[in-house]
Amino acid sequence: MRKTIERLLCAALLLSASLLVSCASAPAAVPEGLTPMELIQRAQDATDKNQYNVAIQYYQAILDRYPDDEEMVCAAEYEIAFIKYKQKKYAEAKAGFYALLDRYKQVDAEFLPAQYKILAEKVLAKIELEKK
């Protein structure tokens with residue numbers, strides 16, 4: 001339990017720090033009123049252009065605005081961690097993936113989309129292989 005709390009705190013701190021650093025290259029504000037799917041689409045468009053900080057800002061908007069939409073929260077958390085992985089920020093990526101995987105250990109985890117758990121586990125395994 002303590003390790004889970006430590007991982008969640010670490011992930012939250014890393015995400016907060018990355019958002020502070022990324023603000024300079026991100027849009028001034030994510031438009032209000034966008035649906036989670038619109039935010040995902042804009043984040044994916046930004047990722048396709050290698051505008052990772054912009055993409056993270058859109059994913060963070062999902063976490064901030066739609067915290068009860070568990071499917072979208074899982075997607076956003078996975079994508080933020082995956083961006084960190086693509087940037088070779090492995091410590092931040094691992095913290096994000098572990099925080100996401102901790103969701104799958106909670107009550108009602110069977111209602112979470114399974115693909116993000118599977119993908120997070122695969123990328124974590126890749127990170128471990130790359131370290132060797």
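Taken together, the values in this text are just the output of simple stated rules run on the coordinates, not laboratory data. Since the model is a prediction, treat every value here as computed from it, not as a measurement. Cβ sites come from the backbone with ideal geometry, for glycine too, and all protein chains shown count toward neighbours.
A few notes on this one:
- For Ile83: the one exception among (1) β-branched (Val, Ile, Thr); (2) surrounded by fewer than 22 Cβ atoms within 10 Å (Cβ to Cβ); (3) without any contact (Cβ under 8 Å) to a residue 40 or more places away in the chain: (2)
- Pick from the range 45-57, criterion surrounded by 21 or more Cβ atoms within 10 Å (Cβ to Cβ) and either touching an Asp or Glu at 6+ places or on another chain (Cβ under 9 Å) or touching a residue at least 40 places away in the same chain (Cβ under 8 Å) (or both), ranking: nearest to Leu100 (Cα to Cα): Ile56
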